[in-house]
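Values quoted throughout were computed directly from the atomic coordinates according to the rules given, and no laboratory measurement underlies them. Note that the coordinates shown come from a computational prediction; the quantities given were computed from them, not determined experimentally. Here the Cβ is made from the backbone with ideal geometry for all residues, glycine too, and neighbour counts use every protein chain on show.
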Amino acid sequence: MKIGITGAGGQMGTALLRYALARTSASDIVAITRNPGKLEQFSQQGVEVRAGDFGKPAELAAACRGIERLVIIPGTDLQPGVRTRQQTDAVKAAVQGGVQHVIYISTASPRPDPNNSLFDSHWATEQTLIASGAAWTILRMCIYTDTLLDAAKRAIASGIYPAVPGAPAAYVTRDDIAATAAGILCTPGHAGITYHATGPASVSQEEIADAIAKASGKPVAFSKMTEEQQRAGLEAAGLPPFVVSAIIGFQAALRAGAFDLVTGDVARLSGRPAVSVPQFLSRALASAAHAS
């Protein structure tokens, strides 16, 4: 059985490839990417690398030929309307190319919302997939734990971890999501099921500050921010207005509880326990210190 991965040249894609290789033969894997040259290390192992771009549906459909099960990793373009168009086109291209079972990596709590491009694009893609006629599986993920690392480094340097308080979230590592997706891709069944990739516990911003302090062995105090201060900081960093709006909308959903969900799906599908925020910070900060 041929299995495929779109966006295989990105961080999620390459991690997913590694876990797929641990579960099945390289000759059964097709890696689809805009830049095949980035995946030479995998092609040397026997993985078939094909050119495919979400912005070129005909090319993507051709790249999907002969693939029975395909993981679609969402795009990263935050310009209004682009993600929705590209991801729904990707689903249609996969079906046109003959894919029988499509696995889509979505977000926890997707919903139609014209003012929140991230949640809206995931909702539209899910609905397109469910209506596509192909077998489908959705893997909804919580917010990346990996996004905490740079903030942790700044907090260690300043002694302050500033954040807007709100509901806790079950942060999950990118690596755990990739291992979970590989478990779905490489084993039979899963059609018509929505899974949730989450960390082992929901943690608040105050608890993150405490975890940074314990992982680093240095004092770190939590400092409350307002949404206005958060927006001002993003604007001062020179981010385009549409990126600022996307981040602010995402953070507002986080504070409202969109990611306050804990499941055992990571352990069940990947075969290992999900990494907690304290575990991630301890490992990542130790690795960063060793590298420097």
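Placing unit charges on each Cβ (+1 for Lys and Arg, -1 for Asp and Glu) gives the chain a dipole about its Cα centre, and among Ala58, Ser158, Thr33 the Cα reaching farthest toward its positive end belongs to Thr33. Computed from backbone phi, the HN-Hα couplings of the range 59-65 come to 5, 5, 4, 5, 5, 8, 5 Hz, rounded to whole numbers (Karplus: 6.51 cos²θ - 1.76 cosθ + 1.60, θ = phi - 60°; Gly and Pro given as x). The listed peptides 3-14, 145-156, ordered by packing as a protection proxy, come out as 3-14, 145-156 (highest mean of other Cβ atoms within 10 Å first). Remark: relative contact order (the range 138-271) = 40 percent; criterion is Cα-Cα distance under 8 angstrom and separation of 6 or more residues.
For the range 183-194, 3J(HN,Hα) computed residue by residue from phi via the Karplus equation (6.51, -1.76, 1.60; θ = phi - 60°) reads x, 5, 5, 9, 10, x, x, 6, 5, x, 10, 10 Hz, glycine and proline entered as x. Under the convention that each Lys and Arg Cβ holds +1 and each Asp and Glu Cβ holds -1, the size of the dipole of the chain around its Cα centre is about 420 debye. Taking every DSSP helix (H) stretch of at least 4 residues in the chain, weighting each as -39,500 (n - 2.57) and dividing the sum by the residue count yields a mean residue ellipticity at 222 nm of -13500 deg cm²/dmol. Cα centroid separation, the range 105-124 to the range 168-226: 19 Å. 3J(HN,Hα) along the range 76-93: 10, 6, 8, 5, x, x, 5, 4, 4, 5, 5, 6, 5, 5, 5, 4, 5, 5 Hz, from the Karplus curve 6.51 cos²θ - 1.76 cosθ + 1.60 with θ = phi - 60°, whole Hz, x for Gly and Pro.
Listed by Cβ neighbour count within 10 Å, with the fewest neighbours leading, Ile130, Ile184, Ile208 appear as Ile130, Ile184, Ile208. One entry in (i) 55, 40, 34; (ii) 54, 47, 33; (iii) 74, 72, 34 is Cα extents along the principal axes in Å calculated from the shown coordinates; its label is (i).
If I take R0 = 51 Å and measure r between the Cβ atoms of Ala221 and Ile130 in this structure, what FRET efficiency does the formula 1/(1 + (r/R0)^6) give, to the nearest 0.05?
0.65
How much length is gained on full extension from Asp113 to Ala51, taking 0.36 nm per residue of separation minus their Cα-Cα distance?
Extending this stretch completely gives an extra 19.1 nm.
Under 5 Å from the amide H of Ile193 lie the amide H atoms of Ile138, each residue being 5 or more positions distant or on a separate chain, with H modelled from the backbone and absent for Pro and chain starts. Database remark: amide H of Arg50 closer than 5 angstrom to the amide H of Ala31, Ile32, Thr33 (H placed geometrically; neighbours at sequence offset of 5 or more, or on other chains; Pro and chain starts carry no H). Pairs with C-alpha atoms separated by more than 32 Å, drawn from the list Lys38/Lys92; Lys2/Lys56; Lys2/Lys153, are Lys2/Lys153. Residues Tyr161, Tyr104, arranged from fewest to most other Cβ atoms within 10 angstrom of their Cβ, appear as Tyr161, Tyr104.
Electrostatic tally near Phe42: other residues with Cβ closer than 10 Å to its Cβ, Lys and Arg +1, Asp and Glu -1, net 0.
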